[in-house]
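Asks: Below is the structure I would like to discuss, written out as structure tokens.
The values are calculated or read from the model by the stated rules, or taken from the named source; none is laboratory data. These numbers were taken from a predicted model, which means no experiment stands behind them. Cβ placement follows ideal geometry from the backbone for every residue including glycine, while neighbour counts extend to all protein chains displayed.
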Amino acid sequence: MQKVEKASIIIWLLDDLQYYVTRLFVIGLVYYFFQEYELMRKICILVTIYYIVHFLYEGIINIFYYKNFRYIEEKERVQLIKGGLTVRHNTIPIRRIQHVNITQNFYSRLFNLYSIGIYTAGGYHSIQFIKKDVAEKLKENITRFLIEKGIDQDEQEKRSCS
């Protein structure tokens, strides 16, 4: 069982901060241009309070999200356990994986962390904020397993056709 890096809390907070600062900037513009309207001022103040409280809430949830986020790489499946207050347990059979990629967003670059994306027919799963060598090893293991199973399935199909 492996966990994501502790710096993920800071990255999630920076991402949330960017989200809320842009919205508060727009609210500030609306407040500035429509301050002569009493109703608009009250709405802007209420929305500002809402965003500040929600940002604090997100900061607390990010800590729970970090504590609950872990993944288990097994021979034939990858298990993801993640969530803030509600914990979700996803099991991804490796034979169902169609594509795996490694990405790094702006804030991840600050901490030299990467995310691995796992694509299946049923959707997309990601393991965020892990070190590059861990991400590459996980991708390599998944790819190796798929190649081994693909070769085995091709050989079995050839034998059954003969």
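Asks: Against the condition among the β-branched types (Val, Ile, Thr), touching a Leu at 6+ places or on another chain (Cβ under 8 Å) and free of Cβ contacts under 8 Å to residues at least 60 places away in the same chain, how does Ile61 come out, does it pass?
Replies: yes
Asks: Further question: Looking at the stretch 35-145, what strands (runs of 3 or more DSSP E) fall wholly within it and have at least 1 residues that are hydroxyl-bearing (Ser, Thr, Tyr) and either surrounded by 13 or more Cβ atoms within 10 Å (Cβ to Cβ) or touching a strand residue (DSSP E or B) at 6+ places or on another chain (Cβ under 6 Å) (or both)?
Replies: Numbers: elements: 70-73, 77-82, 88-93, 97-103, 114-120, 123-130.
Answer list for the stretch 35-145: 70-73, 88-93, 97-103, 114-120, 123-130.
Asks: Condition test on Leu138, is it at pLDDT 90 or above and within 19 Å of Glu76 (Cβ to Cβ)? Show your work before the answer.
Replies: Details: at pLDDT 90 or above: yes; within 19 Å of Glu76 (Cβ to Cβ): yes.
Criteria met by Leu138.
Asks: Of everything in the stretch 107-142, what is under 21 Å from Arg95 (Cα atoms) and hydrophobic (A, V, I, L, M, F, W, C)? Give them in sequence order.
Replies: Correct list: Ile116, Ile118, Ala121, Ile127, Val134, Ala135, Leu138, Ile142.
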